[in-house]
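Laboratory data are not the source of any read-out in this text; all were calculated from the coordinates shown. If you're wondering where the values come from, they're calculated on a predicted model, not measured in any experiment. Glycine gets a Cβ as well: all are built from the backbone with ideal geometry, and neighbour counts include every protein chain shown.
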Amino acid sequence: MSLKTCILLTVLVMALTSFGVYYFSFDALAHVLSCTGNYYLTDYQIYSLAGISYQSRMWLVPSMVYEKRIEKMPLVEDASVQKERNGRLLMRVQEKVVIGYYTKNNQYYMLTIDNESIPIEKAYMKTIVHFPLLNGFSAAQRKKICAVFKKNEKTLTRAVIEKIAEMVPYKTSFDKNMIKMTMQDGNVVYTSISSLVMMAKYQAMLTRLEGKNVCLLLDGTNDAIEKIDCDELNGKKTSSSSSKSLKKTDTKQESSTDTQSSDQTTTQDTTQDTTSQDTTTTTDDSGLVLDESTGLYYDSTSGYYMDPYSGTYYVWDDTTQSLQPLSE
């Protein structure tokens, strides 16, 4: 055997020995695992996707391999892995924004802000606690909802989405294309798809209205919020103008008494006074009547409604079947 061959073999043996010593040494292991940017997935789930643990020899696997493994999860938009000499392995993850989940053919799907439907595997079912159930919407309706969240993604954040427990289509006498949202705090919010942007102000509006287990109606056109009677939403005109109905009834009764004796008139007037007292819930010094279904004060003389918080006056619009701010 030549001297050159012996030298090469010696070098090869030393290299293999050094590699073997390092492979089984403590320095080859990942000492610290760190993950940032994940909102839906847990750190442990990220580590499992990457195939990394505290027993992994992190320097023997290229960072790109770890990144590709994580990005195979459809919920992950992007991933980067950084290795540090102290044995720290840092994983930065960017997840897609999910606005809700729905079921189709016994399969659960996450719906992203880009209208992408991602099947939810059994191992990731716990992620649905972060977003609402979208129940009963067509594909076209889901697309429109996604468009609103995408357009306003800076204000309709994950924190806002997480406050919603369920969203379902809803029809009323004045709008057949509404959404009913049951909130995590027990309140119910009604809105059109275009007015979903106002959910960014939900907490502030709720505080102002002192809401608790109430129904709120969002009006994106007028940038307004109304507290309404949940049971009377379909007949909002009737519930919002109960005092008006009473006034019309009184007028009809007074016309009828013109053809009867004065004793009958006196009896009916007494009955009407009693009815008015039973119907009126609260009257302030100015003679305004509190309409509990709207939270506004009603002036039977002018027919106007007043917001006790802002002092804004409203008038009932028969065309839109809703209360509209009184133009100055």
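Here the stretch 48-123 is treated as a Stokes sphere of Kirkwood radius computed over C-alpha pairs; at 37 °C and 0.692 mPa s its diffusion coefficient rounds to 233 µm²/s. One decimal place: the segment Gln94-Leu12 gains 25.2 nm when fully extended, by the rule 0.36 nm per residue minus the C-alpha distance.
Kindly provide the trypsin sites (Lys or Arg not before Pro) of the stretch 113-174 that DSSP labels as loop, not H, G, I, E or B, and whose Cβ sees at most 14 other Cβ atoms within 10 Å.
Values: sites: Lys122, Lys126, Arg142, Lys143, Lys144, Lys150, Lys151, Lys154, Arg158, Lys163, Lys171; in loops: Lys154, Lys163, Lys171.
Sites meeting the loop and neighbour criteria: Lys154, Lys171.
For a 29 Å ceiling on Cα separation, which of these pairs sit above it: Lys126/Lys171; Lys68/Lys163; Lys68/Lys144; Lys150/Lys176? Pairs exceeding 29 Å: Lys126/Lys171; Lys68/Lys163; Lys68/Lys144.
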